[in-house]
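The values are calculated or read from the model by the stated rules, or taken from the named source; none is laboratory data. In this text, all values refer to a predicted model and were calculated from it rather than measured experimentally. As a convention, Cβ positions derive from the backbone with ideal geometry for all residues, glycine included, and neighbour counts pool all protein chains shown.
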Amino acid sequence: MMTHAFESWSVHRVALQTDVRNKRSWAAIERIWGKLDGIMRADRPGADDTVRTSARFSIVASEWPGVKARLTARLAGGSRDS
């Protein structure tokens with residue numbers, strides 16, 4: 001989907017967000033080299049009827065070639081930490 005966004009639609013930025021309590025999603029976003037843009041405190045209702053605080057991440061167009069290369073290498077069986 002990011003390939004389509006950056007290469008077909010020519011977007012400048014792909015944004016991702018997760019609840020700050022969701023450490024698994026936070027770690028997954030960081031593993032695909034999403035950069036933390038900030039924390040939005042008490043920004044929306046949570047799925048568990050609490051007030052959710054969101055961590056917002058992004059990948060920008062100038063980062064995409066490197067991110068794509070690392071993701072492609074990982075999918076091909078390369079290093080998980082490259």
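For the reader, a short list of remarks on this structure follows.
- Enumeration of residues in segment 1-58 that are of a type in the set (V, I, T) and closer than 18 Å to L71 by Cα: T3, V14, I29, I32
- The single condition from (1) at pLDDT below 95; (2) among the charged types (D, E, K, R); (3) surrounded by 11 or more Cβ atoms within 10 Å (Cβ to Cβ) that R13 fails is (1).
- Scanning segment 28-80 for residues that are surrounded by 14 or more Cβ atoms within 10 Å (Cβ to Cβ), in a loop (DSSP other than H, G, I, E, B) and of a type in the set (A, V, I, L, M) gives I32, A61.
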